[in-house]
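Let me begin by presenting the structure, written as structure tokens, before commenting on it.
The values are calculated or read from the model by the stated rules, or taken from the named source; none is laboratory data. Just so it is clear, the structure is predicted and the values come from calculations on it, not from any experiment. Here Cβ is always computed from backbone atoms with ideal geometry, including for glycine, and neighbour counts include all displayed protein chains.
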Amino acid sequence: MDRNFLNWNTETAQARLNQLLPQLRWNLGRIGSIGKIGLGLMVATLIYLFSAVLPHDAELEKLKTRADTLQAQLASIQTGSLAESGIKMSGDQALQVFYDFFPAIDSSPFWIRELTRVAKEKNVELSSSDYRLINEADARLARYEMILPVRGNYKQIRAFIAAALEAVPAMAISAVAVRRENVTSEILEVRLEANLYLNK
């Protein structure tokens, strides 16, 4: 039954193609040599788009994300350098500089992407994480509680923690729990509890 259906579909497609070929030749003859050149250029453009431009979109997106990270870090360094430069500030100004160090509350997806990027960079496995926003009414900062289950060897996990704290300067690690399958295993299962502090 399926073979008959397949043969019928193949024959139908062949018949349709045989009807379209003369019409296609006739249309190509109508557009002339300039039209054929234009059509060739359109095909070449499509080939170039799919082979050269689109594959680099992912790389461009990574570079944009990295640029955003560097700009956020530069802003926090500049804010800190104002306080260190010896400029006299009132208590309110100093407090404002302190709060300006922390990223905006709506920037949490960016910082989570940064943690994922660092995990990939350091070759650790970051599995399903838990996130919870604690937003107390009388506090100037919101706290984004994160539980990050991480797998890797000791060196990789240590490198991940160091790089994560550098990439996300407003994050603090509050607890670390380490588990190993057995004594001979080099792979550690680590449960990191971290807080990301955000400016409201």
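Quick test of your reading of the structure: Leu95 fulfils all but one of (1) under 29 Å from Ala139 (Cβ atoms); (2) aliphatic (A, V, I, L, M); (3) at pLDDT below 75; (4) part of a helix (DSSP H, G or I). Name the failing condition by number.
Result: Leu95 fails condition (3) only.
For the range 119-131, enumerate the residues that are in contact with a strand residue (DSSP E or B) (Cβ under 9 Å, 6 or more places away or on another chain) and either modelled with pLDDT of 90 or more or not assigned by TED's automatic domain parsing to the domain that holds Leu192 (or both).
Scanning the range 119-131 gives Ala119, Lys120, Lys122, Asn123, Val124, Glu125.
For the structure I just gave you, tell me whether Glu145 is surrounded by fewer than 16 Cβ atoms within 10 Å (Cβ to Cβ) and assigned to a helix (DSSP H, G or I).
Answer is no for this residue.
On the basis of being without any contact (Cβ under 8 Å) to a residue 24 or more places away in the chain and under 24 Å from Glu61 (Cα atoms), does Ser108 make the cut?
In short, no.
Among the numbered criteria (1) closer than 26 Å to Leu63 by Cα; (2) in contact with an Asp or Glu (Cβ under 8 Å, 6 or more places away or on another chain), which one does Pro103 miss?
(2)
Of everything in the range 177-200, what is closer than 16 Å to Val118 by Cβ and surrounded by fewer than 17 Cβ atoms within 10 Å (Cβ to Cβ)? Give them in sequence order.
Of everything in the range 177-200, nothing turns out to be closer than 16 Å to Val118 by Cβ and surrounded by fewer than 17 Cβ atoms within 10 Å (Cβ to Cβ).
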